[in-house]
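Before any comments, here is the structure.
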Amino acid sequence: MTVLVIDTDPGLDDAHALAMAVTPSAARPGPPVAAVCTVAGNVGIDTVTANARWLLGAYGERATGIPVHRGAAGPITGPRALATEIHGSDGLGELPRWTVPELPEQETPAALALIETARRHPGETTLVTLGPLTNLALALRLEPRLPRLLDRVVVMGGAIHGRGNLTLNAEFNIGADPAAADLVFATFPRLTLVSWETTLAHSFTEDELLGFFAGERQPAQVLRRVVENRFLTDPGYAARPTYPRADPLAMAVALDPTVVTHAEHHGVRVGYGPGGLDHGLTVVDWQDARADRPHAEIVLTADRDRLLELLTI
């Protein structure tokens with residue numbers, strides 16, 4: 001049976017992506033979620049782990065049985081990056097919390113949980129990564145057979161044309177742990193990359209954004225409060241003409257690969273050197289000049305109507 005593992009650093013858009021995965025519908029069928037793994041990224045590991053537990057509790061009965069595994073507290077090497085200026089110190093835009101069922105944190109670390117799940121479901125596990133790739137790189141070092149055990153890896157990350165959101169040319173998830181990212185791109189043969197530029201090309205209007213959470217299902221009500229709070233506390237966000245949804249876009253591709261309408265397959269490399277312009281730089285071998293690593297599926301366009309269905313909670 002196919003299962004899904006979500007590696008995440010919640011995170012405002014992570015919250016939307018999690019809800020997509022844990023609340024299947026007729027328009028959005030999906031495999032059961034075997035585990036949620038956390039990784040330091042948007043905010044620190046204590047906060048993202050607490051956020052994952054709180055969100056799943058808030059989403060209701062379908063989500064409260066999903067195990068949450070704490071992951072890496074920082075990159076394999078180099079400085080830590082945070083995105084508190086976007087996600088707030090609490091990772092959810094300083095959201096006023098309410099009491100929800102308390103989900104326990106599992107004792108097994110995230111990297112080991114990923115390995116154990118892949119071993120239980122060889123060839124049937126899809127991993128979607130919504131944060132830095134530290135946990136996946138650590139798991140690979142512990143279990144070199146992981147690329148054969150996993151069916152698919154869907155990565156939200158990378159600035160394939162050099163339009164960064166962490167630095168001038170580095171996207172946050174890749175730039176937060178570029179050594180881990182380069183190891184992953186060098187190793188996994190069935191990897192799909194959803195880049196920052198592809199995210200920007202598939203942004204949504206305010207009406208579309210609010211429409212994703214207009215229903216009465218419990219996760220929709222939670223996300224409605226998250227977005228309303230952000231509009232109230234971040235005037236710059238409220239004034240945007242359109243809204244990118246990076247992690248939900250990656251989740252859509254993970255849940256329904258047919259949503260992709262155009263992709264190219266090329267090798268991907270990542271530079272790392274703290275303080276330099278190449279730190280976190282995602283380099284696509286568009287000309288296939290080198291044949292020393294597997295080709296990633298690089299998503300360029302997706303079916304917009306189907307995206308509207310997949311992102312609606």
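Report, in debye and to the nearest 20, how large the dipole of segment 132-204 comes out about its Cα centre when Lys and Arg carry +1 and Asp and Glu carry -1 on their Cβ.
The calculated dipole for segment 132-204 is roughly 220 debye.
At 1.4 Å probe size, with every protein chain present, just tell me what the per residue accessible area of the chain comes to in Å².
39 Å²
Enter the mean projected area of the convex hull around the alpha-carbon atoms of segment 1-52, in nm², rounded to one decimal.
Taking a quarter of the hull surface, the average projection is 3.6 nm².
From largest to smallest, what semi-axes in whole angstrom does segment 94-144 give when each is the square root of 5 times an eigenvalue of its alpha carbon gyration tensor?
27, 14, 11
What part of the accessible area of segment 1-132, given as a whole %, is carbon or sulfur when the probe is 1.4 angstrom?
That share works out to 53 percent.
On the protein heavy atoms, probe 1.4 angstrom, tell me the percent of accessible surface of segment 212-261 carried by carbon and sulfur.
54 percent
Run the dipole for the chain about the Cα centre, Lys and Arg Cβ at +1, Asp and Glu Cβ at -1, nothing else charged, and hand back the magnitude in debye, nearest 20.
460 debye
With only alpha-carbon pairs counted, each pair once and no self-pairs, how large is the Kirkwood hydrodynamic radius of segment 23-79 in angstroms?
The answer is 12.7 Å.
Can you tell me what the convex hull of the Cα atoms of segment 264-313 projects to on average, as an area in nm²?
So the Cα hull casts an average projection of 5.7 nm².
Give the residue from Thr99, Ala137, Phe172 lying farthest towards the positive end of the charge dipole for segment 65-176; charges sit on Cβ (+1 for Lys and Arg, -1 for Asp and Glu) and the dipole is referred to the Cα centre.
Ala137
Taking only Cα atoms of segment 149-189, what ratio of Rg to Rh do you get with Rh as the Kirkwood inverse-distance radius?
In segment 149-189, Rg relative to Rh is 1.02.
With N residues in segment 60-182, what two-decimal value do you get for its Cα radius of gyration over 2.2 N^0.38 Å?
1.18
Quick one, what does Rg over Rh come out to for segment 173-313 if you take C-alpha atoms and the Kirkwood Rh?
Reported Rg/Rh, Kirkwood definition of Rh: 1.03.
In whole angstrom, how far apart do the alpha carbon centroids of segment 100-121 and segment 1-69 sit?
First find each Cα centre; the distance between them is then 12 Å.
Would you mind giving the three semi-axes, in whole Å and largest first, of the ellipsoid equivalent to segment 103-239 according to its Cα gyration tensor?
Taking √(5λ) for each Cα gyration eigenvalue gives 31, 21, 14 Å.
Assign one of three labels to segment 220-303, namely rounded, prolate or oblate, based on the Cα gyration tensor with a ≥ b ≥ c the square roots of its eigenvalues; rounded applies when a/c is under 1.5, prolate when it is not and a/b is larger than b/c, and oblate otherwise.
oblate
Mind checking which of Leu232, Leu114, Leu281 has the largest fluctuation in a GNM of the chain, springs on alpha carbons under 10 Å?
Largest GNM mean-square fluctuation: Leu232.
With all distinct Cα pairs included, what does the Kirkwood hydrodynamic radius of segment 189-233 come out to in Å, to one decimal, could you say?
12.5 Å
Identify, among Ile313, Ala201, Val227, the residue whose Cα sits farthest towards the positive end of the charge dipole of the chain, taking +1 on the Cβ of Lys and Arg and -1 on the Cβ of Asp and Glu, with the dipole about the Cα centre.
Ile313
Taking only the C-alpha atoms, wrap a convex hull around the chain and report its volume per residue in Å³ as a whole number.
It is 120 Å³ per residue.
Where in the chain is the longest stretch that carries no chymotrypsin sites (Phe, Trp or Tyr not before Pro) classed as loop by DSSP and with at most 16 other Cβ atoms within 10 Å?
Between exposed loop sites, the widest span is 99-285.
Can you work out D for segment 1-110 in µm² s⁻¹ from Stokes-Einstein, where Rh is the Kirkwood radius over C-alpha pairs, the temperature is 25 °C and the viscosity is 0.890 mPa s?
Rounded to a whole number, D works out at 173 µm²/s.
Using amide H atoms built in the peptide plane, which far-off residues or other-chain residues are under 5 Å from Leu150 H to H?
Close amide H contacts, sequence-distant or interchain: Gly123.
How would Ser89, Ser195 rank on accessible area, largest to smallest, probe 1.4 Å?
Ser89, Ser195
The values are calculated or read from the model by the stated rules, or taken from the named source; none is laboratory data. Quick caveat: nothing in here was measured; it's all calculated off a predicted structure. A quick note on method: Cβ atoms are made from the backbone with ideal geometry, for glycine too, and the neighbour counts reach across all protein chains shown. These area figures cover heavy atoms from the full protein model, side chains too; ligands, DNA and RNA do not enter into them. Shrake-Rupley method; radii C 1.70, N 1.55, O 1.52, S 1.80 Å.
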